[in-house]
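Asks: There's a structure below that I have some questions on.
The values are calculated or read from the model by the stated rules, or taken from the named source; none is laboratory data. None of these values were measured; they are calculated from a predicted model. Because the Cβ atoms are built from the backbone with ideal geometry, glycine has one as well, and the counts that use them run over all protein chains shown. Side chains are part of the model used for accessible areas, which takes the heavy atoms of the whole protein and leaves out ligands, DNA and RNA. Shrake-Rupley method; radii C 1.70, N 1.55, O 1.52, S 1.80 Å.
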Amino acid sequence: MDRSERMKWFMDARFGMFIHWGLYAIPARGEWVKSQEKMTDEEYDKYFREFNPVNYDPRLWAKVAKDAGMKYAVLTTKHHDGFCLFDSRYTDYKATNTPAGRDLVREYVDAFRAEGLAIGFYYSLLDWHHEDYPAYGDWNHPMRDNEKYKNKSHNFDRYVEYMHNQVEELMTNYGKIDIIWFDFSYGSLTGEAWRATELVKMIKKYQPHIIIDNRLGGNIKAAEPEIYAGDFANPEQILPPEGITNVKGEPIPWEANITLNNNWGYHADDNDYKSVRQVVHAIVECVSKGGNLLLNVGPNAKGEIPEPSLKILAEVGKWMNANGESIYGCGKADLPKPEWGRYTQKGNMLYAHIYERGIGPINLRGLNGKIAKARLLADGSELKLERPWNAQDYPDDAFIQFKSQKLPNEIDTVVALELL
Ligand code: GLC
C-alpha cells in the first residue's frame, strides 16, 4: 500500500488523543521523573509494587475522546522508564506483575475500537530499566553520571533484539493497529542503530496498512527518504508556521503533539492548562496548514483523566460537534491568511474561521463573484453576501455582515462558503 493510501484516514481524522500513562503517574511529577531525579531502580521500584489504577476504565477514556471529536488515540505502551502496560513475554516489568494484574493495553484497544476510534501505540526506544540499555554517559539515563555504573558492561544488541521482540508482540497480539509512534532517536542512537530497516519491514509484514511516525531517525524531508524515515512528521509542542514540506517543496503529512498543561505524564501541581479557545484555535491552525493535532492527557495513578482536562475536552467537543465539517477531511485553502482568523477547505467548500469580530463587515479578500452562498456552519442559517454601500473601493472582495457586534461563537465562528 502506498503512503497516500495508508495516510488517507489519518489526514481526514485531523484530531487525536495522546495518552501518557504509566508508573510515573504515582510520583505525579511528569514522565521524566526517574531521569530528572536520577532515581535508582530500587527507588523507582516502589511504584511498580504499588501500581493499582482502581478506576482505570478505558471505555470512559474512549468516550471522552469521542465526545471531544477525536478520531484516534495513541497510548504509551512503554515509556522511557521501560515499564510495559502490556503483557510482554520478554520482561517481568509489566502491568500484569503489579497489583493491577492485567494487560492494560488490551483493554485500551478493545475500548477505543468499540467507540470506532483508530488505535495507536506509542513505544519508547529508550529504556531506563533494561540492563542492556546504555546507562553511564548516556544523555538521558537516570544513572548517566553515577560512577557505580561506569564500568558496568551492557550488550546493546541484546537490547535491540528485546525491542524488536516487543514491537513484534504489539504488532501481533492486538489485532489491527493503525499507528505506531516511536520515541525517540538521539546522538548515535538513530536509524540503523535500532536496526530500523528490519524493524519497519517486520512491522509492515504484520500490519501492511500501518502508519509510522518519524522518530526512528532518517530524514522524512529528503527527496528519497529512508524506508524508516516515517509517514508523518511529529513536531512537539510547536505548531509549524507554514505546515511542513520536503526538500522538493511538496507538503508532507504531519501531526503536532501538544500537552493540555505543561506535562505529558500526570503532574499533580501543574494547573497551567490551555484554554478551550487555545485548543480550538490549535486544531484549526493545524488543519489550515494541512496537519493534525494530537492532544495529550495524562491520567493519574488511579487511572482517571484529570478533571480540568475533562472540562476542556467537553467544551472542545461542543465546538467540534457543531463545526466538525470544517475540520474533518479539510486542509489548506489556497488563499492568504485572513486578518480575522483562518481558512480551511474541502473541495469547493471554504470555511472561514472568524476569531475576531473587528468593526464593520467581514472582508473576504478576492472572493467577489466567487461564492455561491454563505451559511453559519453551526446552525445552517443564511448569511447575506450583500456588498455594503461603502465598499466600492474594494471591487475584488466579498463581504459578510454580522448584525451584532458579538460573534455567534466568540471562540471561533465558522462560516461555510460554497465556492462557484
Ligand atoms: C519527548 C519526551 C516524552 C514524550 C514525547 C512526546 O520526546 O521524551 O516524554 O513522550 O516527547 O512527543
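Asks: Tell me, how many Å apart are the Cα centres for segment 169-225 and for segment 332-404?
Replies: So the two Cα centres are separated by 43 Å.
Asks: Just to check, using Stokes-Einstein with a Kirkwood Rh over alpha carbon pairs, what's the diffusion coefficient of segment 106-247 at 4 °C and 1.567 mPa s in µm²/s?
Replies: 78
Asks: Which ³J(HN,Hα) values in Hz, rounded to whole numbers, follow from the phi angles of segment 13-26 under the Karplus curve 6.51 cos²θ - 1.76 cosθ + 1.60, where θ = phi - 60° and Gly and Pro get x?
Replies: Taking θ as phi minus 60°, the curve returns 5, 6, 9, x, 10, 9, 10, 9, 8, x, 4, 5, 5, 6 Hz for segment 13-26.
Asks: With +1 on each Lys and Arg Cβ and -1 on each Asp and Glu Cβ, how big is the dipole of segment 3-326 about its Cα centre, in debye rounded to the nearest 20?
Replies: About 620 debye.
Asks: Then there is this: Pull out a ≥ b ≥ c, the square roots of the eigenvalues of the alpha-carbon gyration tensor of segment 1-157, then state rounded if a/c is under 1.5, prolate if not and a/b is larger than b/c, and oblate in the remaining case.
Replies: The shape class here is prolate.
Asks: Please identify, among ASN390, ASN368, ASN246, the residue showing maximal mean-square fluctuation in a Gaussian network model of the chain using a 10 angstrom Cα cutoff.
Replies: Evaluated over the chain, the most mobile residue of the options is ASN390.
Asks: Another one. Could you tell me whether segment 341-419 comes out rounded, prolate or oblate from its Cα gyration tensor? Rule is a ≥ b ≥ c as square roots of the eigenvalues, rounded for a/c under 1.5, then prolate if a/b exceeds b/c, otherwise oblate.
Replies: oblate
Asks: Using heavy-atom solvent-accessible surface (probe 1.4 Å) with all chains present, what is the largest-first order of LYS148, LYS373?
Replies: Per-residue accessible area, sorted high to low, gives LYS148, LYS373.
Asks: Separate question: Step through the table entries LYS66/LYS302; LYS221/LYS289; LYS221/LYS346, compare each Cα-Cα distance with 18 Å, and write down the pairs that go over it.
Replies: LYS66/LYS302; LYS221/LYS346
Asks: Straight-line reach from LYS176: which lysines have Cα under 17 Å away, leaving out those fewer than 8 places along the same chain?
Replies: Reachable lysines: LYS8, LYS71, LYS201, LYS204, LYS205.
Asks: Let me ask something else. In debye, nearest 20, what is the charge dipole magnitude of segment 341-419 about its Cα centre with +1 on Lys and Arg Cβ and -1 on Asp and Glu Cβ, if you could check?
Replies: Roughly 100 debye, rounded to the nearest 20.
Asks: Turning to a different aspect of this structure: What part of the accessible area of the chain, given as a whole %, is carbon or sulfur when the probe is 1.4 angstrom?
Replies: C and S atoms contribute 48 percent here.
Asks: Over the heavy atoms of HIS154, what accessible area does a 1.4 Å probe trace out, to the nearest 10 Å²?
Replies: About 80 Å², ignoring ligands and nucleic acids.
Asks: Based on the Cα atoms of segment 257-411, what semi-axes does the equivalent ellipsoid have, where each is the square root of 5 times one gyration tensor eigenvalue, given in whole Å with the largest first?
Replies: 36, 15, 13
Asks: Using the Cα atoms as the points, what is the convex hull volume per residue of the chain in Å³?
Replies: Once divided by residue count, the hull of the chain is 145 Å³.
Asks: Are there any GluC sites (Glu not before Pro) in segment 294-361 that are in a DSSP loop and have at most 15 other Cβ atoms within 10 Å? List them by number.
Replies: Qualifying residues, ordered by number: GLU339, GLU356.
Asks: Something else: Go ahead and set up a Gaussian network model of the chain, Cα springs under 10 Å, then flag whichever of LYS201, LYS406, LYS274 fluctuates most.
Replies: Among LYS201, LYS406, LYS274, the largest GNM mean-square fluctuation belongs to LYS406.
Asks: Taking a 1.4 Å probe, which of TRP21, TRP139 shows the most accessible area, and what order do the others take after it?
Replies: TRP139, TRP21
Asks: Go through PRO336, GLY324, TYR273 and say which Cα lies farthest out towards the positive end of the charge dipole of segment 273-336; charges sit on Cβ, +1 for Lys and Arg, -1 for Asp and Glu.
Replies: So the residue we want is TYR273.
Asks: Give me P(r) over segment 20-101, computed from all C-alpha to C-alpha distances, binned every 10 Å, as integer percentages.
Replies: 16, 46, 29, 8, 0
Asks: Just to confirm the filter: which trypsin sites (Lys or Arg not before Pro) across segment 6-101 are DSSP coil and have at most 12 other Cβ within 10 angstrom of their Cβ?
Replies: Sparse-neighbourhood loop trypsin sites (Lys or Arg not before Pro): ARG89.
Asks: Hey, another quick one. Probe of 1.4 angstrom, ligands and nucleic acids ignored: what's the accessible area per residue over the chain, in square angstrom?
Replies: Roughly 43 Å² per residue, with all protein chains present.
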